[in-house]
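Each reported figure results from applying straightforward, stated rules to the coordinates on display, with no laboratory input. Just so it is clear, the model here is predicted, and its values are computed rather than measured. Glycine also receives a Cβ, built like all others from the backbone with ideal geometry; neighbour counts cover every protein chain displayed.
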Amino acid sequence: MAEVAGLLLAAGAGRRFGGPKALAVLDGEPFVVRALRVLTEAGCAPVRVVLGASADEVRALLPDPEAALVAGDWESGMGASLRAGLRALETTTAEAVVVHLVDLPGVGADVVRRVADGADAETIARAAFDGVPGHPVVLGRRWWPEIVVGASGDKGARDWLKGRPDLRLVECGDLGTGRDVDRREDLPG
């Protein structure tokens, strides 16, 4: 079985939320810890967490602060975090990576496992919830250089993924909602 890394994007300032979503707490657990646990429980290794806003405060919450890296240009959007994370994983032997977002508390390890099942260096897969594409996304190592070149702004790899005939959508609506938390009123509960 191929080694599948985990990449947690947790750099945003959460302007609409009122602060970094990585620091938000649900059921007594910070979002960043929850999302990191999901990747780890799904079997992703190694796992890297890309930080930006309140980086020191978020890093202090991590069980292994060494898993964190800071995207120096994080304020330019998700593309910066994705570039930084993929570059950091180039030194590993991972053949694919699960890209997960910190603001998806309705995505559990079962979703990650399903989307990453059978992943290798050629894989391009994305979770779908009731037919709507979402996260996490699995990217085979073969594609990382292309994605790093094209990732910009708040789109991450969205444009790169758009219209690809080799993209495998993996239905996960039976396992979770896939809804992101943009504002405090979006918190489940």
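When you check Leu82 against the structure, is it more than 17 Å from Gly108 (Cα to Cα) and part of a helix (DSSP H, G or I), yes or no? Considered against the rule, which asks whether it is more than 17 Å from Gly108 (Cα to Cα) and part of a helix (DSSP H, G or I), Leu82 comes out as yes.
Scanning region 152-174 for residues that are outside any loop (DSSP other than H, G, I, E, B) and without any contact (Cβ under 8 Å) to a residue 60 or more places away in the chain yields Arg158, Asp159, Trp160, Leu161, Arg168, Leu169, Val170, Glu171.
The set of residues from region 119-145 being among the aliphatic types (A, V, I, L, M) and assigned to a loop (DSSP other than H, G, I, E, B) comprises Ala119, Ala121. Residues that are closer than 25 Å to Gly131 by Cβ and either out of contact with any Cys (no Cβ under 8 Å at 6 or more places or on another chain) or not in a loop (DSSP other than H, G, I, E, B) (or both) within region 175-186 comprise Leu175, Gly176, Thr177, Arg179, Asp180, Val181, Asp182, Arg183, Asp186, listed in sequence order. Filtering region 79-95 to residues that are out of contact with any Phe, Trp or Tyr (no Cβ under 9 Å at 6 or more places or on another chain) and within 21 Å of Thr40 (Cβ to Cβ) leaves Leu82, Gly85, Ala88, Thr91, Thr92, Thr93, Ala94, Glu95. Of the strands (runs of 3 or more DSSP E) lying entirely inside region 1-75, those containing at least 2 residues that are in contact (Cβ under 8 Å) with a residue 60 or more places away in the chain and buried (at least 16 other Cβ atoms within 10 Å of the Cβ) are 4-10.
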